[in-house]
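Take a look at the structure set out below.
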Amino acid sequence: MDRYKDYLEIGKKIEIITRSTSGVVRFLCYLEEINKDSIIISKPKNKHIAFNFTCGQTLELYAYTRGGVFKLNCRLEAYLENKCKLSLPLSVDNIQRREYIRVNMNVDAIIRPKPSTNIISLKTKTKNISAKGLNVLLDQDISRSASLEVSLLFPEKTITTTAKIIKVTPVEIDSKTYYSTSVMFVTISEKEIDFIVKKCFEFEALQRKKWLENKI
């Protein structure tokens, strides 16, 4: 269970997720210290809600590292000056071994092959997405394109980046040929990466909440 210690870095962002009947709430904090019996984080922040949970409560921490996404369940032990003291993890899950989580989230997208061909642009929805790339199902083969311009149309903002094609696989659906197309983002900024990571995590948390509700 201690494998997470090899990847957590002082000063790196950590997300704390809480769930209630009103929805999912995210808090942002930074790792300050890892001691032999505790973890120290900066005071978690959310623009709309104060972090005022009860000592003794178990919190879900999510750390995005080069070794994957680690979910740490830690007990809130004390409030310090502008910091919080947590127990060492009661349990640890390595959610994904890639640095950026990938989810089956549908986001409106526009794909423009470069250099321009007879295909000017394709409007579609992502089949899955991460902060580093996506997969879409297209009705045209763009495998010969040297590069792409991809625009992701999130409700909050539009992210546009150049991208390169990783793989194109023909698939038959209802006697028609489509092309499963995977691309990797090239010029995406760190700020945009952080945004997509947050959207992916919010989506995964919502899906997990729905699954748990259906089990009740």
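The values are calculated or read from the model by the stated rules, or taken from the named source; none is laboratory data. All values derive from a computational prediction rather than experimental measurement. Cβ coordinates were reconstructed from backbone atoms using ideal geometry, including for glycine residues, and neighbour counts include every protein chain displayed. Remember, those area values only see protein heavy atoms, side chains included, never the ligands or the DNA or RNA. Shrake-Rupley method; radii C 1.70, N 1.55, O 1.52, S 1.80 Å.
A few points about this structure:
- Contacts under 9 angstrom Cβ, first residue in segment 65-76 being modelled with pLDDT of 95 or more, partner aromatic (F, W, Y) and outside any strand (DSSP E or B), 6 or more apart: L76/F53
- Of all the residues in segment 36-49, those that are assigned to a loop (DSSP other than H, G, I, E, B) and open to solvent by less than 60 Å² (accessible area, probe 1.4 Å) number 2.
- Among residues of segment 59-73, those that are part of a strand (DSSP E or B) and either over 12 Å from I17 (Cβ atoms) or of a type in the set (A, V, I, L, M) (or both), counted: 9
- Within segment 50-57, not a single residue is surrounded by 15 or more Cβ atoms within 10 Å (Cβ to Cβ), in a strand (DSSP E or B) and either free of Cβ contacts under 8 Å to residues at least 40 places away in the same chain or of a type in the set (G, A, S) (or both).
- The one condition in (1) under 22 Å from R26 (Cβ atoms); (2) at pLDDT below 90 that S130 fails to fulfil: (2)
- Counting only strands (runs of 3 or more DSSP E) wholly contained in segment 115-210, the ones carrying 1 or more residues that are touching a Gly at 6+ places or on another chain (Cβ under 6 Å) and open to solvent by less than 50 Å² (accessible area, probe 1.4 Å) occupy 176-185.
- The listed residue being in a loop (DSSP other than H, G, I, E, B), open to solvent by 20 Å² or more (accessible area, probe 1.4 Å) and not hydrophobic (A, V, I, L, M, F, W, C), out of N94, N106: N106
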